[in-house]
Every structure is written in C-alpha cells, then in structure tokens.
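What follows is one structure encoded as structure tokens, with my remarks underneath.
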Amino acid sequence: MNFDLIVRGGMLPDGTIADIGIVGETIAAIERELNVTAGTAIDAHGNLISPPFVDPHFHMDATLSLGIPRINASGTLLEGISLWGELKPLLTHEAVRERALAYCDWAVSMGLLAIRTHVDVCDSRLLAVEALLDVKKTVAPYIDLQLVAFPQDGFYRSPTARDNTIRALDMGVDIVGGIPHFERTMADGTRSVTELCEIAAKRGLMVDLHCDETDDPLSRHIEQLAYETQRLGLQGRVAGSHLTSMHSMDNYYVSKLLPLIAEAGVSAIPNPLINIMLQGRHDTFPKRRGLTRVKEMLAHGIRVGWGQDCVLDPWYSLGTADMLDVAFMGLHVAQMSSPADMARCFDMVTNVNAAIMGLDHLGLSVGKRASLVVLDAGDPVEALRLRPERLCVIARGKVVAERTRQDTRLSIAGRPGTVNRRHRPPMS
C-alpha cells in the first residue's frame, strides 16, 4: 500500500509504539513498523500520539469579547449573563465571525479539532446564529463544529426565545439547547425540559441543556431530563451540562438520581474551569467546590466528559483553547489522582467527548478519520502534567499546525545544557 503520510514511531495512549499510515483523509494502517515510503513522514519517536482534542461545551458567540462593554466586576454567573445582555446589541455579524475564527485558529494550534458551541438565540436578529453557521462552513475542512440553539434568557422567560429557537433550528442549527433553571419558576423549568426534548424528538436531533448550573440543591431539572429521555426514546442523544446543583444535593436523593441518569443514557458535561470559578460565590467558609459529582457518576456508568465553556468572555477572563488545562483542573477538583483516574481524564477530553458529540469518525484506529495530534510528552498522564507543545496537528490527513520542541537552555556548571521537564523514572 502507498501512503500519503506516515507518522512514525509514536507512543499511542495505551502504551503501544506504532507507525500510523494515512491515505487521503483516512487512517489506513497502524502497525509496529511500516516498511514503506510515503509522500510525507512525521518523526514522532519518543512522543505521544493522541486522538484530536474535543470540546463538547463552549460559547463561541461570546469568546474573545472580554472587556466589551466592561469587565465582570463581581465575577458571578448572573453578572456575566447581565453583561452579555449589554453586549448583544453591540454585536455585528463580522465581529462575531472574526472572533470565532480567531478562536478556531487557537484551537487548531492546540489540537482541538471538534467543538460543540451553544449560540444564544434570544436576540431576534439571530445574528450570532448566522455568523456561526458561516464559521462552521469555513472551518469544516479542519474542525467539526456543532451548534446548539441556546435560549440563554430562558425558553419561556424571554418572550421571543421559543420562536427564535425554532427559527434557529430551521436555519440549520444542529442541537436543541435550554436553560431550565433560569426560568421564572421551577415549574416553568420543568415544562421547558419537556417541550425542548419533544422538539428534538420530532426533528431527530440531539439535546444539550444547561442544567442546574446553580448552588441551589432544589434545582433538580436533571431528573426531568432523564425522564423525558426515556419517555421519548432519546437515549444516547442527550447531555446535561454543568449539573452543579448536584454538589449541594442531599446524598439520599443523589443515590436515587444517579441510577436514573445512567438508565436514561444521559451524558454529563461538567466544565471545571468555569464551575470552580463561578459557583459557591454566596458561600463564606467552607466554600463548595462548584463541580458536580464526577467520580460518583463514573462509578454508575454515566458517560462524563470535560468541557471548556468559556475563553476571554463575560464569564471567564482566562483560557487558551487547551483541553488539557480543562482536564488538569478537573482531575484536581474531582480528586481523580490515581494513575488510572488521570489517564481517564485524558480520555475524557478526547474519545469520551467525541462519543458525547456523536463523532464516531474520530479515534486512533484503522478506518477512522486521519485527525490526530503529536505531543511533547511520553504518555497521557505526562501530557496532563505538562500540558505540552503540540508538535504536529493533522486534520483530515493534512498537517495543519506544527511547532518545534521548546527546550530551555541552561547555563549552570555541572548540569545539563537543556531541560524540558519530561521525566523518565529510574529503572528499578
């Protein structure tokens, strides 16, 4: 077989050393050694080869807008929502498009090749929807971009949100979103979950709701989401994002809730960078961590993936499009400190997130799309520790980003001339 590109000698996440042969946009072979030539060869010896990073929860309509029209002084979720309301009238199609494309450039440089972004539909111009549909077409050769119709001011609470959600879906938005805990009453939140799931079922779409992003332990819309998923036969197509109220819920209630979520096949998408920053703001001490019950969910067989949520916007003034930053924070806050747990966190921002998004074409196996990343690390845990350089990013069989290894030169008598913080344990 003739290959267009071969990545030679890299370490796969399972510890296997292999060459990866690519034909066109497809992984055609993964073998210990491919004794053939190719149009292009990438030397990955000693470095980790990873599936592409995947972000199942983001807000691309707001990204890189930090400081417009002002900074979130309190740092709270509610002030962020209020600030976004001030920013929306100032948005233009071109500004949303250019900021989103700039973020996608960052994403490619970090090996982030699939993103699910919520887009606010409460502005009746649907300007951001049009802009991100344009961006989706532009980045299609290298990024899988999914759009969620997100009635951020409340499906019922905002007078035009229901109609705008339908309009956005008619325009080609992929997924039904919602925010039940932001409705005026718990009853309205419950009704919104039911209607949004019914819309998705009728149209054959996936569902991804901002669900219970609050410290209130009585915000329990995830229970209704699990019920509607079963009632409407949506198993495997539904995600509950954030789920932060669960960190404050009564333990007995959670012991009943988790099996319901597992039975319904509802995925969970916590967003550790933003959850730990925004939640617990009304607490003095002790302060709640702000993250949902990740380890308990995993123990019940619930599919859990880490999301990024925000970068340089009204809610979060940091971020670099690095999903390893997300996993790094997540493993700390969830106390997933064993080697197996840490490796699982790496899998959560690659394979698990791809599964949540229904991207069956991604992954390191023959027949999958030839999208992968070469990292300056020896294994997934070292990648989490270092959040290292992406030495090479390949999307659909084409090299789309490259960076040379950045060792630091030392000038210290009796010590090595360079250091890069990779670590090889001594042989026992």
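Figure legend: label point modelled 7 angstrom from the Cα of ALA140 along Cα→Cβ; residues of region 347-362 with amide N under 18 Å from it are 359-362.
Residue separation of GLU31 and ARG70 scaled by 0.36 nm, minus their Cα-Cα distance, works out to 8.6 nm of gained length.
So what's the net charge close to PRO272: Lys and Arg +1, Asp and Glu -1, counting the other residues with Cβ under 10 Å from its Cβ?
-1
Nonpolar atom fraction for the chain, defined as the carbon and sulfur part of the 1.4 Å probe accessible area, stands at 54 percent.
Computed 3J(HN,Hα) for region 205-210, one whole-Hz value per residue from the Karplus formula 6.51 cos²θ - 1.76 cosθ + 1.60 where θ = phi - 60°, is 10, 7, 10, 9, 9, 5, glycine and proline marked x. Taking amide hydrogens as placed 1.01 Å from N in the peptide plane, the amide H of MET11 sits under 5 Å from those of GLY46, ASN47, LEU48, ILE49, each at least 5 positions away in sequence or on another chain. Over all other residues within a Cβ to Cβ distance under 12 Å of PHE346, the charged ones net out to -2, with Lys and Arg as +1 and Asp and Glu as -1. Once C-alpha pairs closer than 8 Å and six or more residues apart are averaged by separation and normalised to the residue number of region 54-357, the relative contact order reads 20 percent.
Solvent exposure of region 54-357, expressed per residue, is 36 Å² of accessible area, with all protein chains present and a 1.4 angstrom probe.
Figure note: VAL349, VAL23 ranked by solvent-accessible area, largest first, 1.4 Å probe, ligands and nucleic acids not counted: VAL23, VAL349. Extending 7 Å from the Cα toward the beta-carbon at both THR408 and MET186 defines two label points whose distance is 5.3 nm. For the chain, take the longest principal axis of its alpha carbons; what is the angle in degrees between that and the long axis of helix 186-203, to the nearest 10 within 0 to 90? Taking the Cα atoms of the chain, the angle to 186-203 is about 60 degrees. In a fully extended conformation the segment linking ASP43 and GLN235 would gain 64.9 nm over its present Cα-Cα distance, using 0.36 nm per residue. In the complete set of protein chains, residue-level accessible area for TRP106 is approximately 90 Å², probe 1.4 angstrom. Could you work out how much longer the chain between MET171 and ARG125 gets when fully extended? Use 0.36 nm per residue separation minus the Cα distance between them, nm to one decimal. So the chain would gain 15.3 nm between MET171 and ARG125. Considering the chain as a Gaussian network with a 10 Å cut-off on Cα pairs, which listed residue, LYS368, LYS88, LYS287, attains the greatest mean-square fluctuation? Comparing LYS368, LYS88, LYS287 in a Gaussian network model of the chain, the most mobile one is LYS287. Any chance you could check the Cα centroid distance between region 289-325 and region 59-91 for me, in angstrom? Distance between centres, Cα-based: 20 Å.
If you rank LYS136, LYS202 by how much accessible surface each has, with a 1.4 Å probe, what is the order from largest down?
Greatest to least solvent exposure: LYS202, LYS136.
The H on the amide N of GLN146, modeled in the peptide plane, is under 5 Å from the matching H of ILE115, ARG116, THR117, each at least 5 residues off or on a different chain.
Peptides 263-274, 414-425, ordered by how many other C-beta atoms sit within 10 Å of their residues on average, highest first, read 263-274, 414-425. Modelled spin labels at THR16 and GLU195, positioned 7 Å past Cα toward Cβ, are 5.0 nm from each other. First select every other residue whose beta carbon is under 14 angstrom from the beta carbon of ALA29; then total the charges, Lys and Arg +1, Asp and Glu -1. Charge balance near ALA29 sits at -1. Considering only GLY378, GLY15, GLY154, the mean-square fluctuation computed in a Gaussian network model of the chain, springs between alpha carbons under 10 angstrom, is largest for GLY15.
Which shape class applies to region 54-357: rounded if a/c is under 1.5, otherwise prolate when a/b exceeds b/c and oblate if not, where a ≥ b ≥ c are the square roots of the Cα gyration tensor eigenvalues? Note, shape of region 54-357 comes out rounded. Cut-off 10 angstrom, C-alpha nodes, Gaussian network model of the chain. Which of MET348, MET249, MET60 fluctuates the most? Most flexible of the set in this elastic network: MET249.
Under 5 Å from the amide H of VAL400 lie the amide H atoms of VAL393, ILE394, ALA395, each residue being 5 or more positions distant or on a separate chain, with H modelled from the backbone and absent for Pro and chain starts.
Please give the calculated 222 nm ellipticity per residue for the chain, where each DSSP H segment of at least 4 residues contributes -39500 (n - 2.57) and the sum is spread over every residue; nearest 500 deg cm²/dmol?
On the way: 13 runs with 139 residues, N = 428.
So the calculated ellipticity at 222 nm is -9500 deg cm²/dmol.
Annotation: ILE20 carries an accessible surface of approximately 0 Å², with a 1.4 Å probe and no ligand, DNA or RNA atoms counted. Of the residues GLU198, GLU33, ranked by 1.4 Å probe accessible area with the largest first, the sequence reads GLU33, GLU198. To the nearest 10 degrees, how steep is helix 127-139 against the longest Cα principal axis of the chain, on a 0 to 90 scale? So the helix axis and the longest Cα principal axis differ by about 20 degrees. Among beta bridges from DSSP that stay inside the chain, the antiparallel ones total about 40%.
Using a Förster distance of 22 Å, how high is the FRET efficiency between ILE81 and SER317, based on the Cβ-Cβ distance and rounded to 0.05?
0.90
Computed from label points 7 Å out along Cα-Cβ, the spacing between ARG203 and ARG424 is 5.4 nm.
Using a probe of 1.4 Å on the protein chains alone, the accessible area found for ASP105 is around 90 Å².
The values are calculated or read from the model by the stated rules, or taken from the named source; none is laboratory data. What you are looking at is a predicted structure, and each value in this text was computed from that prediction instead of being measured. So basically every Cβ, Gly included, is an ideal-geometry build from the backbone, and we count neighbours across all protein chains shown. Areas reflect the complete protein model, heavy atoms only, side chains present, ligands, DNA and RNA absent. Shrake-Rupley method; radii C 1.70, N 1.55, O 1.52, S 1.80 Å.
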